[in-house]
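Trainee: Here it is: the structure, laid out below.
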Amino acid sequence: MIEATARPVPEYLGEVERFSAHNYHPLPVVLDRGEGVWVWDVEGNRYLDMLSAYSALNQGHRHPEIIEAARAQLDRLTLTSRAFHNDQMGPFLAELCEATGFERALPMNTGAEAVETALKTVRKWAYEVKGVPPDQAEIIVCENNFHGRTTTIVGFSSEEQYRSGFGPFTPGFRMVPYGDADALETAIGPNTAGFLVEPLQGEGGVVVPPEGYLRRARALCDEHRVALMADEIQTGLGRTGRLFCSEWEDVRPDLLIVGKALGGGVYPVSAVIADSEFMDVFHPGDHGSTFGGNPLGAAVGRASLRVILDEDLPARADRLGSAFMSRLRGIDSPHIREVRGRGLLIGVVVEDSSGTARPFCEALKERGILAKETHEQVIRFAPPLVIDEETLDFAFEQVRDVLTA
Ligand SMILES: *Cc1c(COP(=O)(O)O)cnc(C)c1O
C-alpha cells in the first residue's frame, strides 16, 4: 500500500539527520504502518518486527483490544493531573496489584521515571523505617546495568559512553559485578538501603545470571534488611516466559519496577509496585508526575495487562522461545559464539570481521526481518509475544541463512 504522499526514503532520513539530535543510529528503514508482528515501510515493504520496541510491544502493534480501550478513553477524558481523581487510575492500580500480588502501585510514565521513583522510595524507607542516618543511604547496583537515561541513573552506569560528559553525578551508589552474589554480600554495609537489579540484563546484551543468583540476592537482602528492587521494565509482562522474570527463581522483590509493555505499544505507562511498608513513606507533595496515572494511560495500562493475562502471553513466550532458541543453537555457523536468553528474549552473540552485529542486522532487514544489535556484538531477538510458529519459522530461516552465508 503506497501512500500518494510518501516521499523517497532518503528524504525522511535526511530530515532526521538535519533536524534531530544525533543520539541514535537507526537502521535506514522508515515505517508508516504496523499490525500484530508486522510493520510496513513507506515503500510498502513488509517486515517482521523482531525488536518490539525493546519489549514495549509484547502484545504486538495496535492490538485491537488496546486500541479500542484507548479510543474509548480518548472520547471521554484524557488528563486530569493528580490534583483531581479520575475513574481509571483506581481500577488500573487495583488490577496491577491483583496481578502481581502486591499491596500498592505508584503510576509513572517512562521506565526511567519508575526507576527514579523506586530509588526515592528506598532511600526514604531507609531513613524512616530502617533507621539509616540522614543522607547516608547506599544503593547497590550491578555492572553492565541498564536502568534508563536520567542523570542519576547514568551516573551509576558502567557504560562509559552513557556517563561521559554528563557529570557530576548523584552520590550514594555502589557497583558490584552482575551475577556474583558473594560480591553483593561483601558490598552490603549498615547503610545499605537497597539493591537494584535486572533479573536478566536486556540492554547489557541479554545476559542471563547464574542459576540461584537472584535467590541468593533475595536471601542476603532479607538477612541484612536491604530492599530488593527488580527492574522488570524489559523482562516483565511475559517477555521471558513468566509474567515476571524473577519468578524463574521464585523470587518476590520488595519493589517491582514495570514499564514498556504496560503501555501496550500505545502510550508510555510505568509503575513501581510494592507493599505498604515501602509505599507508605510517601505523603502528599513528596513525589509526583503531571501525567502519571492519567486516565488515558490508565485505560491503556488496564487493557495492556488484560491482554497479557487473557492470552497467556507468558506461556506462549516460554513455549515458542524455547523452541526458537534451541533451533538457533543448532545453527552451524562460524559467526555464532553463543545463543542465550529466556522465553522470547534471545541474544545471539556473533563474531564478524567488523566486530559488530550490525552487518547481520542490515542483512536481515534486506530479508524482511527487523532486529537491532545491542552491545555491538549481540543480535537481540524479541518479537511481539503474539507471534505464531509459522512466522517464527520464517524468522528462523532468514536468521540461519544470514548467519551461514
Ligand atoms: C528500557 C529500560 C528502562 C528505561 O525505560 P524508558 O522508558 O526508556 O525510560 C529501564 N530499565 C530497563 C531494564 C529497560 O530495559
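Trainee: Conditions first: (1) within 25 Å of Tyr162 (Cα to Cα); (2) in contact (Cβ under 8 Å) with a residue 60 or more places away in the chain; (3) among the aliphatic types (A, V, I, L, M). Ala21 passes all but one, so which condition is the exception?
Mentor: Answer for Ala21: the failing condition is (2).
Trainee: Something else: Pairs, please: C-beta under 8 Å, at least 6 apart or cross-chain, first residue over 20 Å from Arg225 (Cα atoms) and in segment 192-204, second of a type in the set (D, E, K, R) and assigned to a loop (DSSP other than H, G, I, E, B)?
Mentor: Pairs that qualify, where the first residue is over 20 Å from Arg225 (Cα atoms) and the partner is of a type in the set (D, E, K, R) and assigned to a loop (DSSP other than H, G, I, E, B), are Gly204/Glu198.
Trainee: Quick check on segment 231-244. Is at least one of its residues hydrophobic (A, V, I, L, M, F, W, C), out of contact with any Cys (no Cβ under 7 Å at 6 or more places or on another chain) and more than 24 Å from Ser304 (Cβ to Cβ)?
Mentor: Taking every residue of segment 231-244 in turn, none turns out to be hydrophobic (A, V, I, L, M, F, W, C), out of contact with any Cys (no Cβ under 7 Å at 6 or more places or on another chain) and more than 24 Å from Ser304 (Cβ to Cβ).
Trainee: Follow-up. Could you identify the single residue in Glu116, Glu160, Glu138 that is within 13 Å of the ligand (Cβ to nearest atom) and charged (D, E, K, R)?
Mentor: Details: Glu160 fails: within 13 Å of the ligand (Cβ to nearest atom); Glu138 fails: within 13 Å of the ligand (Cβ to nearest atom).
The conditions single out Glu116.
Trainee: Can you tell which of Phe84, Phe102 is surrounded by 14 or more Cβ atoms within 10 Å (Cβ to Cβ) and in the same structural domain as Ala303 (by TED's automatic domain parsing)? Write out each step before concluding.
Mentor: Details: Phe84 fails: surrounded by 14 or more Cβ atoms within 10 Å (Cβ to Cβ).
Of Phe84, Phe102, the one residue that is surrounded by 14 or more Cβ atoms within 10 Å (Cβ to Cβ) and in the same structural domain as Ala303 (by TED's automatic domain parsing) is Phe102.
Trainee: Does segment 7-50 hold any residues that are under 30 Å from Ile66 (Cα atoms) and of a type in the set (A, V, I, L, M, F, W, C), and which are they?
Mentor: Hits for segment 7-50 are Val16, Leu27, Val29, Val30, Leu31, Val37, Trp38, Val39, Trp40, Val42, Leu48, Met50.
Trainee: Kindly indicate which of Thr110, Thr150 is within 16 Å of the ligand (Cβ to nearest atom), at pLDDT 95 or above, surrounded by 15 or more Cβ atoms within 10 Å (Cβ to Cβ) and closer than 22 Å to Arg239 by Cα.
Mentor: Details: Thr150 fails: closer than 22 Å to Arg239 by Cα.
Thr110 is the lone residue from the list that is within 16 Å of the ligand (Cβ to nearest atom), at pLDDT 95 or above, surrounded by 15 or more Cβ atoms within 10 Å (Cβ to Cβ) and closer than 22 Å to Arg239 by Cα.
Trainee: If the requirement is being surrounded by fewer than 20 Cβ atoms within 10 Å (Cβ to Cβ) and under 21 Å from the mean Cα position of the chain (by Cα), which of these qualifies: Gly155, Gly90? Spell out the reasoning first.
Mentor: Working: Gly90 fails: under 21 Å from the mean Cα position of the chain (by Cα).
Within the list Gly155, Gly90, the selection yields Gly155.
Trainee: Note down all Cβ pairs under 9 Å where the first residue falls in segment 82-107 and is closer than 12 Å to Gly301 by Cβ, the second is part of a loop (DSSP other than H, G, I, E, B) and aromatic (Phe, Trp, Tyr), and they're at least six residues apart or on different chains.
Mentor: Here the result reads Leu96/Phe102, each pair linking segment 82-107 to a residue that is part of a loop (DSSP other than H, G, I, E, B) and aromatic (Phe, Trp, Tyr).
Trainee: So, in segment 202-239, exactly how many residues are away from the ligand (no atom under 12 Å from the Cβ) and among the hydroxyl-bearing types (Ser, Thr, Tyr)?
Mentor: The qualifying residues number 1.
Trainee: Which condition does Ala193 not pass, out of (1) within 16 Å of the ligand (Cβ to nearest atom); (2) touching a strand residue (DSSP E or B) at 6+ places or on another chain (Cβ under 8 Å); (3) over 25 Å from Ile379 (Cα atoms), if it passes all the others?
Mentor: (1)
Trainee: Wholly within segment 253-372, which helices (runs of 4 or more DSSP H) include no fewer than the required count, namely at least 2 residues that are in the same structural domain as Ala70 (by TED's automatic domain parsing) and within 16 Å of the ligand (Cβ to nearest atom)?
Mentor: Details: elements: 276-279, 295-310, 313-329, 358-366.
So the answer is 295-310.
Trainee: So the check is Cβ under 6 Å with 6+ separation or different chains; which pairs have a first residue in segment 5-17 that's assigned to a loop (DSSP other than H, G, I, E, B) and a second one that's not charged (D, E, K, R)?
Mentor: Once the first residue is assigned to a loop (DSSP other than H, G, I, E, B) and sits in segment 5-17, its partners that are not charged (D, E, K, R) give Ala6/Val42.
Trainee: May I pose another question? Mind checking whether some residue in segment 215-224 is buried (at least 17 other Cβ atoms within 10 Å of the Cβ) and closer than 26 Å to Leu313 by Cβ?
Mentor: Taking every residue of segment 215-224 in turn, at least one turns out to be buried (at least 17 other Cβ atoms within 10 Å of the Cβ) and closer than 26 Å to Leu313 by Cβ.
Trainee: Then there is this: In segment 89-183, which helices (runs of 4 or more DSSP H) lie fully inside it and hold 1 or more residues that are in contact with a Phe, Trp or Tyr (Cβ under 6 Å, 6 or more places away or on another chain)? Steps first, answer last, please.
Mentor: Numbers: elements: 89-100, 111-125, 151-155, 160-163.
Those helices (runs of 4 or more DSSP H) span 111-125, 151-155.
Trainee: If we keep just the residues of segment 31-70 that are part of a helix (DSSP H, G or I) and within 16 Å of the ligand (Cβ to nearest atom), which is surrounded by the most Cβ atoms within 10 Å (Cβ to Cβ)?
Mentor: Residues of segment 31-70 part of a helix (DSSP H, G or I): 52-55, 64-70.
Next, only the ones that are within 16 Å of the ligand (Cβ to nearest atom) stay: 52-55.
Details: Ser52: 28, Ala53: 16, Tyr54: 18, Ser55: 26.
Residue satisfying both the conditions and the ranking: Ser52.
Trainee: Could I ask something else about it? When you go through Gly212, Gly204 one by one, which is the residue that is of a type outside the set (D, E, K, R) and surrounded by 20 or more Cβ atoms within 10 Å (Cβ to Cβ)?
Mentor: Just a single option satisfies the conditions, and that option is Gly204.
Trainee: Restricting segment 387-402 to residues that are aliphatic (A, V, I, L, M) and assigned to a helix (DSSP H, G or I), which is nearest to Phe360 (Cα to Cα)? Full working, then the answer.
Mentor: We begin by selecting, within segment 387-402, every residue aliphatic (A, V, I, L, M); these are 387, 392, 395, 399, 402.
Now drop any that are not assigned to a helix (DSSP H, G or I), which leaves 392, 395, 399, 402.
Details: Leu392: 18, Ala395: 13, Val399: 9, Val402: 7 Å.
Only one residue tops the list, namely Val402.
Trainee: Can you find a residue that is touching a strand residue (DSSP E or B) at 6+ places or on another chain (Cβ under 8 Å) and either surrounded by fewer than 17 Cβ atoms within 10 Å (Cβ to Cβ) or without any contact (Cβ under 8 Å) to a residue 24 or more places away in the chain (or both) anywhere in segment 122-142? Step through it out loud before you land on a result.
Mentor: Of all residues in segment 122-142, those touching a strand residue (DSSP E or B) at 6+ places or on another chain (Cβ under 8 Å) come to 122-123, 125-126, 130, 132, 137-142.
Cutting the leftovers down to either surrounded by fewer than 17 Cβ atoms within 10 Å (Cβ to Cβ) or without any contact (Cβ under 8 Å) to a residue 24 or more places away in the chain (or both) gives us none.
No, segment 122-142 contains no residue that is touching a strand residue (DSSP E or B) at 6+ places or on another chain (Cβ under 8 Å) and either surrounded by fewer than 17 Cβ atoms within 10 Å (Cβ to Cβ) or without any contact (Cβ under 8 Å) to a residue 24 or more places away in the chain (or both).
The values are calculated or read from the model by the stated rules, or taken from the named source; none is laboratory data. Keep in mind that what you see is a predicted model, and the values were worked out from it rather than measured. Note: ideal-geometry Cβ built from the backbone for every residue, glycine included; neighbour counts use all protein chains shown.
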